[in-house]
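Structure first, commentary second.
The values are calculated or read from the model by the stated rules, or taken from the named source; none is laboratory data. Since the model is a prediction, treat every value here as computed from it, not as a measurement. FYI the Cβ positions are ideal-geometry reconstructions off the backbone, even for glycines, and counts take in every protein chain you see. The area values use the complete protein model at the heavy-atom level, side chains included, leaving out ligands, DNA and RNA. Shrake-Rupley method; radii C 1.70, N 1.55, O 1.52, S 1.80 Å.
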Amino acid sequence: MSDKLIEIEGLTKVFYTDEVETHALSGVHLSISRGEYLAMSGPSGCGKSTLLSILGLLDTPTAGRYLLNDKSVENLSFSERSRIRNQEIGFIFQSFNLIGDLTVEENVELPLTYRAGMSATERKKRVKDALERVNMAHRMRHYPAQLSGGQQQRVAVARALAGSPSILLADEPTGNLDSKNGEAVMHLLSDLHREGSTICMVTHDPRFAKHAEREVHLFDGKVVSEEDLKKLTAEVGA
């Protein structure tokens, strides 16, 4: 098995609406190594979230290759994508996406209930371990509405961790948080990375991008250098 967890080559994504073609991604090449912490940044509408959706098997590319764990995954069936997504990928969303009428424990456990052959005992152990890792085990019986935004995001991180995914995909994980809670979540992700987690984060905030080992810049659906991004952004703003 190679040290490359993800490799994408020539990835494109075109959306068609009312005879209009929107090229969200235009030939993206990218690799992510096991244990790496990568930040994807760029202006609004540059294709960051589209690329993250494809990496997370929530969407499919129009063209190009996507290898996950050395396996081609760009043309899988819906059920195969769902199975691999459940086993390999942990999602952390800007809006937390917790279910209001489930407890913290139940929210974290929910994705594990779709794992064939996993016993209830194993599920409970994983939930407890994940909540302890984010310092939220003492809130196990609480509901999302009883938690602060920062605490809800910690629970969302625990939910992503519980399945022992190959990679954590974080889409603007600090977007709904104040600066103090945002920094706390970023430190949590850094701790998880030091413990061995592979993380790919989308952020528009350059302060938070600096927490990652490597930063990839997108502009108009392409990966560009930091220097080119500054030039292109300046041209748009002129």
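Which angle from 0 to 90°, rounded to the nearest 10, does the C-alpha axis of helix 149-162 make with the longest principal axis of the chain? Helix 149-162 sits roughly 90 degrees off the main axis of the chain. If R0 equals 35 Å, the separation of the Cβ atoms of His29 and Leu110 corresponds to a calculated FRET efficiency of about 0.50. Only protein atoms count toward the accessible area here, which uses a 1.4 Å probe; on the chain, the carbon and sulfur part of that area reaches 50 percent.
Does the range 124-211 classify as rounded, prolate or oblate by the C-alpha gyration tensor (a ≥ b ≥ c root eigenvalues; a/c under 1.5 gives rounded; else a/b over b/c gives prolate, otherwise oblate)? Cα axes put the range 124-211 in the oblate bin. Stokes-Einstein diffusion for the chain at 10 °C, viscosity 1.306 mPa s, with a Kirkwood radius from C-alpha pairs, works out to 85 µm²/s. Using the Cα gyration tensor of the range 1-101, with a ≥ b ≥ c the square roots of its eigenvalues, what is the shape: rounded (a/c below 1.5), prolate (a/b larger than b/c) or oblate (neither)? Rounded. First check a/c for the range 120-173, with a ≥ b ≥ c the square roots of the eigenvalues of its C-alpha gyration tensor; if it is under 1.5, answer rounded, and if not, answer prolate when a/b is larger than b/c or oblate otherwise. Since a/c reaches 1.5 but b/c is at least a/b, the shape of the range 120-173 is classed as oblate.
Only beta bridges with both residues in the chain are counted; by DSSP, about 55 percent of them are antiparallel.
Show that you can apply the helix-only estimate: for the chain, add -39,500 (n - 2.57) for every DSSP H stretch of four or more residues, divide by all residues, and state [θ] at 222 nm to the nearest 500.
Calculated from helices alone, the mean residue ellipticity at 222 nm is -10500 deg cm²/dmol.
Given R0 = 35 Å, the distance between the Cβ atoms of Glu227 and Ser190 translates into a calculated FRET efficiency of 0.85. Treating r as the C-beta distance of Asp18 and His204 and R0 as 30 Å, the FRET efficiency rounds to 0.60. Only alpha carbons enter this Debye calculation for the range 93-145, each as an equal point scatterer, and the log10 of I(q)/I(0) it gives at q = 0.14, 0.27 Å⁻¹ is -0.36, -1.14. So how tilted is helix 226-237 from the main axis of the chain? Cα-based, degrees 0 to 90, rounded to 10. The answer is roughly 70 degrees.
Once you reduce the range 102-135 and the range 1-57 to the center of their Cα atoms, the two points are 30 Å from each other. For Leu25, nonlocal amide neighbours, meaning residues 5 or more places apart or on other chains whose placed amide H falls under 5 Å from its own, are Lys13. Using a probe of 1.4 angstrom and keeping all protein chains present, the accessible surface of the range 115-209 works out to 45 square angstrom per residue.
Measure nothing but the geometry: give the 0 to 90° angle between the long axis through the Cα atoms of 179-194 and the longest principal axis through the Cα atoms of the chain, rounded to 10°. The angle comes out near 90 degrees. Farthest towards the positive end of the charge dipole of the range 120-232, among the residues Ala162, Ile199, Gly150, is the Cα of Ala162, using unit charges on the Cβ of Lys, Arg, Asp and Glu.
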